[in-house]
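Since the structure comes first, as structure tokens, the remarks are kept for the end.
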Amino acid sequence: MKHLLTTADLSREEAIRILDTAAQMAATQSREIKKLPTLRGRTVVNLFFEDSTRTRISFETAAKRLSADVINFSAKGSSVSKGESLKDTALTLQAMGADAVVIRHQASGAPHTLANAGWVDSAVINAGDGMHQHPTQALLDAYTIRRHLSGARRDATDPTSAPLAGAGVGQDLAGLHVAVVGDVLHSRVARSNVQLLTTLGARVTLVAPPTLVPVGVEAWPCDVSYDLDAVLGDGRPDAVMMLRVQRERMSSSGGGFFPSPLEYTRNYGLDSRRLRLLDDHTIVMHPGPMNRGLEISAEAADSPRAVIVEQVANGVAVRMAVLYLLLAGDVTHEASDKHGVSPKEAGQS
Amino acid sequence: MTSGPAVPERPATEQTAPVEPPAPTEVLGAPEIARALTRIAHEILERNKGGSDVVLLGIPTRGVPLAERLALRLAEVEPGLDAAGLVGTLDVTMHRDDLHRQPPRAIGTTTLPAAGIDGKVVVLVDDVLYSGRTIRAALDAISDIGRPRAVQLAALVDRGHRELPIRPDYVGKNLPTSVHERVHVRVAEIDGDDAVLISQGPTSPEATTAQAAGEASR
């Protein structure tokens, strides 16, 4: 694995490997000294063409916890606002010796271009591109689901009890049902999650108003429903993932995807009545930032089954795992790893 | 002084003949390993005047079952000790200095005894001691999780060729080897049986010739 551009590229084994590595990274984060020397001397550039405090801080924290040097580059106030192209920015980064570029861009496919155009040698990590992909978000969602619902945790009736530290290591998400609710059309989180959760064996149901379901969704490996109550009642989802609705899409003045916020909340908001429909073990997720009172009520957001704050913490562990797997090893030798003996077995300890 | 054996002139006939890798030689069997561990356990108790302050940290993969066996032996000799409470595992992957030169490694688990390691005597347990780099990484890893009173090192096999100033406190067997040989430790918990094997590493004629020279010079 040289880059992380989309969850569609990940095999089940690769995805489990990332989640297992994240579990070990999370274990180190409960120690008094959280910093590891693993990526000392490596440089990670956070290249953010689109505003995102949460994702950028998460990547920055992850890189710093692994002792990498971090350069934050935001398009605002940089030469990009003077008209510099992605190519010239990339060549600058290459000249400065970046080992990894974390890129957030408003255009779908910008990370793919950066990775494949030959402008940079560094590893490229997609931190959200347009309406396309947000792979680390999907990985942290899968990690959170696995921690709470895989294996022995599956039958736990008390969602408030904290999962064991190593819960679910080595396991996939087979047999779980995840409902993804809200603005699927504009959501890279939904796209990434459908692919990754399906790869890991879970069943995904998208729930959205017909106007917010993308064209061509029938080719996706998931079910689509327009009725949230039916999915929550009969579908018995193990996890309900609410998507953020952007305020500018709420009324007919700005796109007209649904008539009014109130109607959206009535039909697709997770309120206290719908919260009571859920099974005891079902968890409530949200990629943040939340619109309380629109797609999720305050009661749902603050309920014991909401794992929204934990998702943020898990995001750091997952991004540490991705940075470790992309940067720590010498990928040119990866092919020989499959048949070779590990150095420990060869008596190199 | 060189660290490895010199490579002598190779006869022309050896260049063409394919070299069959010889079968691994068993250096230690199950009874010898058991005896070595029992001896190490006694040495640990003697040196530390009992086992009350001792914590055994096994280095994955094969150091972990060895540490568990040592703990059982400590508890046998000193009935007051709880074997399970003495043992932990210490993963050193993220502290290694060769991460950039190899494919990404899977990260193992670190578990500590409930009482932690602050103020204790930590005995690191590994199967083979070679360059010393794993132990250097382990010392770094330990400093991140606590401050033990002392750190000691137990290795089932010391095969020499140290690259760092590191010396074991307890050794099961000193095994002078050539750098081209490979030492395999098999433990029943992972491999099904207990044994220490030596095999030839790279099967190229150069390596074998060098190996033969190394044997002869000892």
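Considering each residue of the range A:200-238, count those that are in contact with a helix residue (DSSP H, G or I) (Cβ under 7 Å, 6 or more places away or on another chain), farther than 25 Å from A:ARG249 by Cβ and open to solvent by less than 50 Å² (accessible area, probe 1.4 Å), and give that number.
Adding up the residues that qualify gives 3.
Sort out which residues of the range B:160-218 are of a type in the set (D, E, K, R) and at pLDDT below 70, and write them in order of number.
B:GLU206, B:GLU215, B:ARG218
Name the single residue, out of those in the range A:95-112 being in contact with a Leu (Cβ under 7 Å, 6 or more places away or on another chain) and in a helix (DSSP H, G or I), that is most open to solvent (accessible area, probe 1.4 Å).
Here the answer is A:HIS112.
Applying the selection to the range A:35-57, what residues are closer than 29 Å to B:ARG101 by Cβ, of a type outside the set (A, V, I, L, M) and under 20 Å from the mean Cα position of the chain (by Cα)?
A:ASN46
Taking the range B:137-151 as the search range and keeping residues that are assigned to a loop (DSSP other than H, G, I, E, B) and touching a Lys or Arg at 6+ places or on another chain (Cβ under 8 Å), which one is least open to solvent (accessible area, probe 1.4 Å)?
Per the stated criteria, the residue is B:PRO148.
Identify all residues within the range A:18-55 that are within 11 Å of chain B (Cβ to nearest Cβ) and in contact with a Pro (Cβ under 9 Å, 6 or more places away or on another chain); write none if there are none.
Answer for the range A:18-55, where residues must be within 11 Å of chain B (Cβ to nearest Cβ) and in contact with a Pro (Cβ under 9 Å, 6 or more places away or on another chain): just A:THR21.
Looking at A:ARG276, A:ARG249 in this structure, which one is among the basic types (Lys, Arg), surrounded by 15 or more Cβ atoms within 10 Å (Cβ to Cβ) and modelled with pLDDT under 95?
A:ARG249
Among the strands (runs of 3 or more DSSP E) contained in the range B:156-200, which hold 2 or more residues that are touching a Leu at 6+ places or on another chain (Cβ under 8 Å) and away from chain A (no Cβ under 12 Å)?
In the range B:156-200, B:170-174 are the strands (runs of 3 or more DSSP E) which contain 2 or more residues that are touching a Leu at 6+ places or on another chain (Cβ under 8 Å) and away from chain A (no Cβ under 12 Å).
Could you check, for the range B:65-77, whether at least one of its residues is small (Gly, Ala, Ser) and crowded, with 19+ Cβ neighbours inside 10 Å?
Checking the range B:65-77: at least one residue is small (Gly, Ala, Ser) and crowded, with 19+ Cβ neighbours inside 10 Å.
Tell me the residue from B:LEU112, B:LEU175, B:LEU156, B:LEU164 that is farther than 22 Å from B:LEU45 by Cα, of a type in the set (A, V, I, L, M, F, W, C) and touching a strand residue (DSSP E or B) at 6+ places or on another chain (Cβ under 8 Å), please.
Just a single option satisfies the conditions, and that option is B:LEU175.
Out of the range B:79-96, which residues are more than 9 Å from chain A (Cβ to nearest Cβ) and assigned to a loop (DSSP other than H, G, I, E, B)?
Across the range B:79-96, the qualifying residues are B:PRO79, B:GLY80, B:LEU81, B:ASP82, B:LEU90, B:VAL92.
Counting only residues that are closer than 16 Å to A:PRO37 by Cβ, under 18 Å from the mean Cα position of the chain (by Cα) and within 9 Å of chain A (Cβ to nearest Cβ), which one in the range B:102-136 is surrounded by the fewest Cβ atoms within 10 Å (Cβ to Cβ)?
Restricting to residues being closer than 16 Å to A:PRO37 by Cβ, under 18 Å from the mean Cα position of the chain (by Cα) and within 9 Å of chain A (Cβ to nearest Cβ), the top hit is B:ARG133.
The values are calculated or read from the model by the stated rules, or taken from the named source; none is laboratory data. What you see is a predicted model; the values in this text were computed from it and never measured. Because the Cβ atoms are built from the backbone with ideal geometry, glycine has one as well, and the counts that use them run over all protein chains shown. For accessibility, only protein heavy atoms count, side chains too; no ligands or nucleic acids. Shrake-Rupley method; radii C 1.70, N 1.55, O 1.52, S 1.80 Å.
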